Amino acid sequence: MIEVSNDAWAIDRSELSELLCRLSQAKAPSGFEDEVVEVVRDFCQGWATVDVDSLLNVTITPNTVTGEKPLLLLDAHGDEVGALVRAIKANGTMSFVELGRFTKGTMGGQDVYVRMADGEWVRGVMGVRPPHFSAVNQGGESEVLLDIGAVSKSDAIERFGAGIGEPVVPATHYSYDEGRDIAVGKAFDCRAGVCALLIALRRLSCLENLPVDVVGCVSAQEEVGERGIAEVVRRVKPDIAFAFEGCPADDTFVPADEVQTALGCGPMFRYFDVSMITNPRYQRFVLALAGREGIACQTSVRAGGSTNGGPLHTHGVPCVVAGVPCRYIHAGTALCALSDIESAARIAVATACALDEKLVRSF
């Protein structure tokens, strides 16, 4: 164990916001994480080796890794909820399937980017029938159509370059209010987690005599069933893991005495979700460590949702999940506080410094 006090390193909020901006604006739904890969490559230049597999899982190995110590894996997923063009209709609009799951009713009217067959991204809209053309008492939801402005199927294909099987993401613009510490953007699930991972891993790469080797992973295809992390575990063979998430904040829609994931109150560590029962010994260790370091965090028991912690623990790897609270994930736009990203990074660094082989085996 090495001592790293809470004041031993500074996190530049401007740099943090710039990194989150680049990650948020990357167009990278499940299976198409290429733009996130490039942001990670750029950030890690000079202090780590970056490897990318066929699924677009990114493994980050700091130059200080020895190969002789217990291996701690820091993980966050790089993909976002998106869509895939299913068919091009006679009138030039397109139908789609979701990659992951958008919150019901949130995508109607959302501006989006649609990738064309040649790789160009074209701006469009998730169009819905205006009320002017709906019966007064018509029940149910209007069909949502993907529209890039084409007037026929041939126009969509020949003039625009549209094709089936092409990805779609929200076209939300990122912004950060420094005075109020509120970021607004898309894909904070899990780009807020990726941001925390990169900041923490770079800090750890600067420390000498760490009791564990620390490797990072920005895993692929989490939103479609945690597919990427399973391959990473098989290849990297970690002894223990610390996962980051951009998790749904609950402080705007549950009673005050039931809030467990509030904006600005630090990362949330779950005891339970539908994919795992968190290792209680490891969870207690991390929570006690956060308390000693004076780092704000929250805890919860989740009735729904799952994370990469599920495949990690089923492969026998003890794991905790630090969820950065994000309001309105799985929609086109979300809110988060950079202070929560910073706290998640700090807890991860403190954990890596406090572990040793005996502790890892005890979990």
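Key figures
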read-out	value
Over the chain, relative contact order from alpha-carbon pairs under 8 Å, at least 6 apart, %	23
Prolate/oblate/rounded label for the range 234-289 (Cα gyration tensor, a/c 1.5)	prolate
Lysines with Cα under 18 Å of K27, excluding same-chain neighbours fewer than 8 positions away	K186
Pairwise FRET efficiency - A10 versus L287, Cβ, R0 = 30 Å, nearest 0.05	0.75
Largest-first ordering by accessible area, 1.4 Å probe, given options D42, D111	D42, D111
Length gained when the stretch R159-A296 is fully extended (0.36 nm per residue, less Cα-Cα span)	44.0 nm
Exposed-loop-free span, longest in the chain, where trypsin sites (Lys or Arg not before Pro) count as exposed if DSSP calls them loop and at most 10 other C-beta atoms lie within 10 Å	181-363
Area accessible to solvent at D118, 1.4 Å probe radius, in Å²	120
Nearest-10 value in Å² for the accessible area of Y176, using the 1.4 Å probe	50
Net lengthening on full extension, R234/N91 (0.36 nm per residue, minus Cα-Cα)	46.8 nm
Accessible area of W47 in the full protein assembly, 1.4 Å probe (Å², nearest 10)	30
Fraction of antiparallel bridges per DSSP, the chain only, in percent to nearest 5	60
Dimensions (Å) - the range 134-253, Cα atoms, principal axes, largest first	68, 38, 29
Ranking by accessible area, most exposed first, for F32, F253 with a 1.4 Å probe	F253, F32
Long-range HN-HN contacts of M268 with modeled amide H, under 5 Å	Q298, G323, V324
With 5 Å bins from 0: P(r) over the range 68-204, alpha-carbon pairs, percent	2, 9, 15, 17, 14, 13, 10, 8, 6, 3, 2, 1, 0, 0, 0
Probe 1.4 Å, accessible area per residue of the chain, Å²	42
q = 0.21, 0.22 Å⁻¹, the range 1-88: log10 I(q)/I(0) [Debye, one scatterer per Cα]	-1.20, -1.25
Ranked order, Y271, Y282 - accessible area, probe 1.4 Å, largest first	Y271, Y282
Excluding exposed DSSP-loop GluC sites (Glu not before Pro) (at most 11 other C-beta within 10 Å), longest clean stretch of the chain	209-363
The range 208-363 - Debye-derived log10 I(q)/I(0), Cα point model, q = 0.10, 0.13, 0.18 Å⁻¹	-0.34, -0.58, -1.15
Percent accessible area from carbon and sulfur atoms, the chain, protein chains only, probe 1.4 Å	50
Label-to-label distance, nm, for residues given as E143 and D111 (7 Å Cα→Cβ offset)	2.6
Dipole-positive endmost among G216, I229, A290 within the chain (Cβ charges, Cα centre)	I229
Extension gain (nm, one decimal) between N209 and D118, 0.36 nm per residue minus Cα-Cα	27.9 nm
Tilt relative to the chain, helix 188-205 - C-alpha long axis, 0 to 90 degrees, to 10	30
Debye, to nearest 20: dipole size of the range 1-116, +1 on Lys, Arg Cβ, -1 on Asp, Glu Cβ	720
Shape parameters for the range 13-146, alpha-carbon atoms, Rg then Dmax in Å	20.1, 70
Isotropic mean projected area of the C-alpha convex hull, the chain (nm²)	19.4
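The values are calculated or read from the model by the stated rules, or taken from the named source; none is laboratory data. A quick note: this is a predicted structure, and the numbers were derived from the prediction, not measured. Ideal geometry is used to build each Cβ from the backbone, glycine not excepted, and the neighbour counts take in all protein chains shown. Surface accessibility is based on the protein's heavy atoms, side chains included, excluding ligands, DNA and RNA. Shrake-Rupley method; radii C 1.70, N 1.55, O 1.52, S 1.80 Å.
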